[in-house]
Amino acid sequence: MKYHLKKDLFEELLSLEKETSETWASSGKMGQCENWNAKTLTDKAWCVAENLKSTPYLSGQIISEKHGLTRDSLAVIYKMIQRSGACRTFFTESSNRDYFNVVNHYFNHRLYTLVFFVGTTCPSRCVYCPNVKVDNAGRRKLAGYGRKKDRLLSEAALEKVFGDLHTMKKKGTDILVKISGGLEPLTDIITMSAIIHQAKKYDIPVKLFTNGLLFSDSLRRTAALQTSDIRISLSTPDETQYQKICFSDSGRGKSRALAGLIKSIRELVAERDRSGSPCKIGFNSLVLPSNHTLLVPLLEMARDLGVDYVDFKPDYFSTYPQDTLEQMEDSVREARIVASHDSYKNLFVNFTCSLSRSDLFWNDWKGTCDALRQSEFKMFITPFGDCSPVHYGAFPHSARSVKGAVSAYSIGAVNPERSLFDVLRDPAKTPEIAMKKLNPFELMLSLEISREEQDKAFGLPLCVSPYHTREKARNPADLFFRLNITS
């Protein structure tokens, strides 16, 4: 890999030199360019790429100091990395591939994600859910939003929101709408259907996140199949374990809930296939200490049910002892091997990699994030219309959420008189949200926003950003002027 990557970087350097040679000649500034060695620059570029692979959030100033580079030399190296296809593969196959995917989706392709938290209750009490509190006796209590007299997330409010999304889409931003929680969205089929209706008007894709327990109702299955993607939370194929995860350690809860869910999924897949709907159906599965030995049986279940994918993720709200992590990693490796078999060719299996607290340098981050900058990429809207740039600020924290805990993280609310653009242009306030409260994808967004701002202040324009491949055709006119390898 090292030889192939260095060769690709070297070729990009020669290509850059050729592309900019005419600019040099016409500028009359050729004499200002110091002598430099292409091999030395390529070797330095390899070292920088290795550094970015493991710590992708580092600013250009830190990178230049770490590798003894001038700012102008780093600009050329960043441009080489940005243009190199081998580098993109190097990054996206690394343990931090999720960071590079986030940058690619939100920065390269100008993605905006709007997440509607729909539903004010849930039929399950999953042990890993941030809305569930477990007391000393093992009893689980679900934190709710409380109640308001007025339903702010009305049809009129949704029309305003989707009108704004349509405007963004016309200007070249990709839009993704998610219906999630919060609490179970299938408990409010009216609001869910209204969101789907608005999205269809503007050809905006919708992903539905659900535990699937209410798919026993045919009307809910029909409504859900109007989305582009249904992600069902299912992390085990074992009935007893499912009861413990979703209801209580004693197994109390709905009798044979997993069997009912499996039956509903079969019906959902069959209805999808009969109707010819393009909707994808898959599992959103957490890898936990309690279920990691059952990943292969879960894959077998997914294949037999005819779903399209399984997304395996860690529980990023928890940390585990090293021996437990090693056991879980062994199970993941086994599942990867099984998933590569030809019998799974119709099932896409994905393992996110850099999302656990132990992997993603969680302990290094102090202070607060720039909530308003976060809102330029993603927004969460509660059942009452409150807008929060981060997941933590939108879900209910306690039975008293409606009295202040949710609104404390809100930058404003959408309603029939106030649109999403109104909230973004004139936020009611800028909430202080601790970096520790960000979920992994939000942390990645925050780190990349900060990295870009620091690079700009250091004198590195966006067109030489190492990850922003959409800028690769744009070369600064003075890219090679005053080039000197070391400071």
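Points to keep in mind about this one:
- For the chain, the longest principal axis of the alpha carbon atoms and the long axis of helix 257-275 meet at an angle near 70°.
- Using a cutoff of 8 angstrom between alpha carbon atoms and counting only pairs six or more residues apart, the relative contact order for the chain works out to 24 percent.
- Distance between modelled label sites at ALA457 and ALA137, nm, 7 Å Cα→Cβ extension: 5.4
- Under a model in which nothing but the beta-carbon of Lys, Arg (+1) and Asp, Glu (-1) is charged, the chain shows a dipole of about 1060 debye around its Cα centre.
- Within straight-line reach of LYS133, meaning a Cα separation under 18 Å, sit the following lysines at least 8 residues removed in sequence or on another chain: LYS141, LYS244, LYS437.
- Residue exposure sequence - LEU14, LEU445, LEU213 - by fewest surrounding Cβ within 10 Å: LEU14, LEU213, LEU445
- Ascending count of other beta-carbon atoms within 10 Å, so fewest first, for ASP217, ASP455: ASP217, ASP455
- Only one residue of PHE421, PRO389, SER465 has its Cα farthest out toward the positive end of the dipole of the chain, where Lys and Arg carry +1 and Asp and Glu -1 on Cβ, and that residue is PHE421.
- Where GluC sites (Glu not before Pro) in DSSP loops with at most 11 other Cβ within 10 Å are excluded, longest remaining stretch of the chain: 1-416
- Interchain or long-range residues, amide H under 5 Å from GLY412's placed H: CYS387, ALA428
- In order along segment 193-204, phi translates into HN-Hα couplings of 5, 5, 5, 4, 4, 5, 5, 5, 4, 10, 6, 9 Hz, rounded to whole numbers, per the Karplus curve 6.51 cos²θ - 1.76 cosθ + 1.60 with θ = phi - 60° and x for Gly and Pro.
- Summary value for segment 33-160: 15 percent relative contact order, contacts being C-alpha pairs under 8 angstrom separated by 6+ residues.
- Look at the Cα gyration tensor of segment 94-203: its axes a ≥ b ≥ c give a/c of at least 1.5 with a/b at or below b/c, and that counts as oblate.
FYI, it's all coordinate maths here, none of it is from the lab. Note that the structure is a prediction, hence the values are computed from the model and not measured. All Cβ positions, even for glycine, are placed from backbone atoms using ideal geometry, and neighbour counts span all protein chains on display.
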